[in-house]
1. Could you tell me what a quarter of the Cα convex hull surface of segment 1-42 works out to, in nm² with one decimal place?
2. Could you please state, rounded to a whole Å, how far the C-alpha centre of segment 70-133 is from the C-alpha centre of segment 240-279?
3. How big is the Cα convex hull of segment 1-100 in projection, averaged over all directions, in nm²?
4. Would you mind calculating the relative contact order of segment 135-279 from Cα pairs under 8 angstrom and at least 6 residues apart, reporting the percent as a whole number?
5. For the chain, what's the radius of gyration and Dmax over Cα atoms, in angstrom?
6. So what's Rg/Rh here for segment 135-269, counting alpha carbon atoms and using the Kirkwood radius for Rh?
7. Put one equal scatterer on each alpha carbon of segment 233-279, apply the Debye formula with no solvent term, and list log10 I(q)/I(0) at q = 0.21, 0.27 1/Å to two decimals.
8. Which whole-number percent gives the relative contact order of the chain, counting Cα pairs below 8 Å spaced six or more residues apart?
Amino acid sequence: MFIGCHVSIKEGYYHAAKSAKQLNAASFQYFPKNPRSLNIKAYDTEDTRLCKQFCHEHDIVSISHSPYPTNLTPESPEQKKRVVRSILNDLHISDACGSLGVVVHFGKNKDANNPLYSYQLMIEVINEVMEQWDGKSMLLLENNAGKPGSIGTTMEELVKIRQLIDRPNSLGFCLDTCHAFASGLWNGDNWEYVMEHGNNLGYFQNLKVIHLNNSKYQAKSGKDRHANIFHGGYITEKQFDSILQSSVIQNIPLILETPKDKKNSHENEIAEIKSRWGR
Ligand SMILES: [Zn+2]
């Protein structure tokens, strides 16, 4: 199983890959640049080359996560330009590191009277990015954590966006289990239904990564607060069984974005997950 976690690039991409290996992770996620800004990063190509080579040699899968201000439903034409430029920069870094793709969050609802406007805006932004991109790294669209009914919380929306963009083959999906639980996409007890429904829609055929997180709040709370898989979360181990033993997630990287402290390190969490669900 490709279980891993988010790691820091404070000391570079190559170091990030080595630190993932030290945690016994088979996959990892990183921010390609400062997570709080859309500023373009001029990256060290020797560092990215070493990262790529190390991952290849050790069979480690990496993905990157776009900075927080990456908004697929930008406020203004100026912001739209900045977002497009920043995502392209993330894709270049991701490709240079040999990563599968760049995770981006679904947009926000801009106009309560016309939700279609937000979807149209997202499609425009994604098309503008892809027009200028011919690398291997994909965009990986992540489901939102909002209350049931807010945008980006259903597989239907994710699949529809993919169908409507110009280059669907460059877009895959990232399923965050905390967000799915918070939004009610998965209520903890209906994984069989989610799987069947998602397969019919064409969702799981394009699922590339899972953010494996527990939730600090109950199902349908709409709250995006991640918890450790085994401690302090509302999703039970039995409920995780249904996902982690299912066929649709085989060979998909599972990335922990869970809080860590002295008592609960990612290294321990990865070891616990392997001992419970590893094969
Ligand atoms: Zn996530």
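Any read-out appearing in this document is the output of simple, stated calculations on the displayed coordinates, not a laboratory observation. Owing to the predicted nature of the structure, the values given are computational and were not obtained by experimental measurement.
1. 3.2 nm²
2. Segment 70-133 and segment 240-279 have Cα centres spaced 29 Å from each other.
3. Taking the Cα atoms of segment 1-100, their convex hull projects to 6.2 nm² on average.
4. Over segment 135-279, the number comes to 22 percent.
5. 17.8, 52
6. That ratio equals 0.96.
7. -0.85, -1.26
8. With pairs under 8 Å counted, the relative contact order is 18 percent.
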